[in-house]
Every structure is written in C-alpha cells, then in structure tokens.
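J.: Take a look at the following structure, please.
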Amino acid sequence: MKAVSISFGNQQKQTENKPESSTLRKVLGISLGTVAGAILPYNTFKTAISTCDVTTKGIILQFHHFTMPDIDSFSHNKEAAENALERTGLKGKGVKLFIANKNNVAEIKNIIAGDFPHCYPFRNRIIESFAQQCSNGINACYTEKEKNIIINSKELFSAVFHEIGHAMNANNSIFMKLIQKAKRITPFGVPIVGLGFLAMGLLHKTKPEEKDKSKFEKSKDFIKNNAGKLTFLTFLPMLIEEGAASIKGLKLAKKCFKPEQVTRLSKNYLFAYSTYFTVAVLSSLLISLGIKIKDKIAPN
Ligand SMILES: [Zn+2]
C-alpha cells in the first residue's frame, strides 16, 4: 500500500531583504486566505443552524438508506437498546430512550434545550435545527442534561448503540466525560480555535530570524507555521470521543445481533466516523492553505 503523507505545516518564510508588500496585495492576500481557510467551517456552521426543506430531507434520507441501512426492525433495536441500558447500569443512572417522530418536535426541543445555556450563540436556531433533524430521522443524539437518547422510530434507529456509547462516556468514565467536555472546542465540527490560528497566521508577520526574538514572537511564529497541525489537534477530543462511542456501541450490539448484522453496523459507524474525520482533515488543510495563499500573495 502506498503511504500518503499530508503536510499541514507552513514553511517559514525568510523575509530578510524583501520589500514590504503593498496594502492592496495584503488586503487581497488576507481576503483570499480567509475565504480558503473559513469556507468549510462557515458551511458546517450554516448547516448546524439551518433547517432543511422537504427535498433536501428526502435526499439525505435516501443517502442514509444507501450508506447506513438499519440492521434490524425498530422494535428489536429498541428492545436490545433497553437491555443494554440495564446491563451497563445506565438505566439506574437515569439514562432513557426518547422516541422521536414528526409529532413531538416541541418535546424534543425542550430536551435538547437543556444542553445549551441561554447565552449560547444561535441557541434557538441550533435547537430548532437539531430537533427537526431528530424528528425527521436524519440525526440521533444523546443529551447530557436530560440524559435522553433521542432516536427516531422510522429512520436511523441503529444509531442507538452509538448514542448509548456517548451515554457510557458521559456517565461511566471520568476521563471520557472530560474528553466529551473538551470536544466543545469544535462544536458541530467547527474549529473555533483553529479559526483563531487562521486569523493569527494571516495577520502575523514573521520577522527575519533574530537571536533576541521574544518568546511571544516565537509563539506567534510557531502558530503561524503550524496552524493546520494545531487545528487538527483541536479536533482530537471529538475524534476520540466519537470513536469510543462507536466501539462501545458495537460491543453492546454484539450481544443482541447476528455477526453479519454487527458487521453491517460497524460499516455504518465507520462511514459516520469518516465524515467527522474528513471534516477535521479538510478544515485543518484549508486553514494551512489559507495562510500559504496569503504569504504567496503578500509575503511581507
Ligand atoms: Zn456521535
């Protein structure tokens, strides 16, 4: 197998003896760099706060049927999930299933709202969007505050074991609970801190190498030169926690389903995981690219 190497780094520029770039070049460089680095986070965020129309919902559902087909009937999944909640001790800790459908959006909103403090930016739109997704079966989730596992009765119900995995992370392990909290630095796959690295990389001018550079100056150089790699690091809590939820969920499913069903489920979960991984890699690469574009257009 061929090894593929991905470089997130930005080569340090030697700016010595080079003329200052014109203001126009700087503005153009920063603008194009911003577009390249922020376009994916912008779209990810836009998706998180918007509710989709009937046609888009239909397309997403068809896509899910193709990529992540359910492995058994809803009733068997539900029964197995309730068994798993007993076995793992989650039921005793107050974790319960909530079955979403088209008629209980208001209830779903109330449950989800508990996880978002009132000062949370775009709170109402995020809650509305998430509740609609669960009600239409294009998403499932575990809510921390209310300890509800929200799954749909018609679509995507095999995701229940992954969501139980999230509940296990939150309730059965202090370390995983901390990782779960840490994943808030990339909410909905948006690299909040990474965008800060992008802004610094676009605005910071690397001075020629001098012995008396301050630690602060050196830190800014480091962030600028490694913005992509650092952004990817900020995604690690999300990638670790999502992966752990799937592994735990699959272990539970093994006890209730045939091996071929578990194989199908693991493929489903692997596909879902690949979407998280792709967002992490692409966002990191694009942030690195944005800084490279700016440096190419206006090096100084
Ligand atoms: Zn998940």
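J.: Return the pair list, or none, for Cβ contacts closer than 7 Å from residues in segment 216-241 that are under 16 Å from MET200 (Cβ atoms) and touching a residue at least 40 places away in the same chain (Cβ under 8 Å) to residues that are among the hydroxyl-bearing types (Ser, Thr, Tyr) and within 16 Å of the ligand (Cβ to nearest atom), at least 6 apart or on different chains.
T.: THR234/THR186
J.: Search segment 116-142 for residues being crowded, with 16+ Cβ neighbours inside 10 Å and among the polar types (S, T, N, Q), and hand back the single one that is nearest to the ligand (Cβ to nearest atom).
T.: Here the residue is ASN139.
J.: Can you pull out the residues in segment 162-208 that are part of a helix (DSSP H, G or I) and charged (D, E, K, R)?
T.: Result: GLU163, LYS177, LYS181, LYS183, ARG184.
J.: Just one of (1) under 25 Å from ILE247 (Cβ atoms); (2) crowded, with 18+ Cβ neighbours inside 10 Å; (3) more than 13 Å from the ligand (Cβ to nearest atom) trips up LYS145, so point out which.
T.: (2)
J.: Does TYR269 satisfy the condition of being within 12 Å of the ligand (Cβ to nearest atom), in a helix (DSSP H, G or I) and buried (at least 22 other Cβ atoms within 10 Å of the Cβ)?
T.: yes
J.: Next question, about the same structure. Out of the residues in segment 157-178 that are hydrophobic (A, V, I, L, M, F, W, C) and surrounded by fewer than 17 Cβ atoms within 10 Å (Cβ to Cβ), which is farthest from the ligand (Cβ to nearest atom)?
T.: So the residue we want is ILE174.
J.: Scanning for something polar (S, T, N, Q) and in contact with a helix residue (DSSP H, G or I) (Cβ under 8 Å, 6 or more places away or on another chain), does segment 211-230 turn up at least one residue?
T.: The answer is no; no qualifying residue exists.
J.: List the number of the failed condition for PHE197; all other conditions in (1) more than 15 Å from the ligand (Cβ to nearest atom); (2) surrounded by fewer than 16 Cβ atoms within 10 Å (Cβ to Cβ) hold.
T.: For PHE197, the exception is condition (2).
J.: Kindly list the number of the only condition in (1) more than 19 Å from the chain's Cα centre (by Cα); (2) at pLDDT 95 or above that fails for THR234.
T.: Unmet condition: (1).
J.: Another question, then. Would you say LYS109 is surrounded by fewer than 17 Cβ atoms within 10 Å (Cβ to Cβ) and at pLDDT 95 or above?
T.: no
J.: Tell me, which helices (runs of 4 or more DSSP H) wholly within segment 10-116 include 3 or more residues that are touching a residue at least 60 places away in the same chain (Cβ under 8 Å)?
T.: 23-49, 54-67, 74-87
J.: If you take the residues of segment 245-266 that are outside any helix (DSSP H, G or I) and surrounded by fewer than 17 Cβ atoms within 10 Å (Cβ to Cβ), which of them is nearest to the ligand (Cβ to nearest atom)?
T.: By that ranking, first place goes to LYS255.
J.: Here's something else I'd like to know. Looking at the structure I just gave you, is LYS296 surrounded by fewer than 19 Cβ atoms within 10 Å (Cβ to Cβ), among the basic types (Lys, Arg) and closer than 21 Å to SER158 by Cβ?
T.: No, not satisfied.
J.: I need a count of the residues in segment 134-161 that are assigned to a helix (DSSP H, G or I), in contact with an Asp or Glu (Cβ under 8 Å, 6 or more places away or on another chain) and at pLDDT 95 or above.
T.: Residues meeting the conditions: 0.
J.: Turning to a different aspect of this structure: Check whether at least one residue in segment 217-239 is within 16 Å of the ligand (Cβ to nearest atom), in a helix (DSSP H, G or I) and buried (at least 22 other Cβ atoms within 10 Å of the Cβ), and report yes or no.
T.: yes
The values are calculated or read from the model by the stated rules, or taken from the named source; none is laboratory data. As the structure is a computational prediction, the values presented were derived from the model and not from experiment. In this analysis, Cβ positions are derived from the backbone assuming ideal geometry, glycine residues included, and neighbour counts consider all displayed protein chains.
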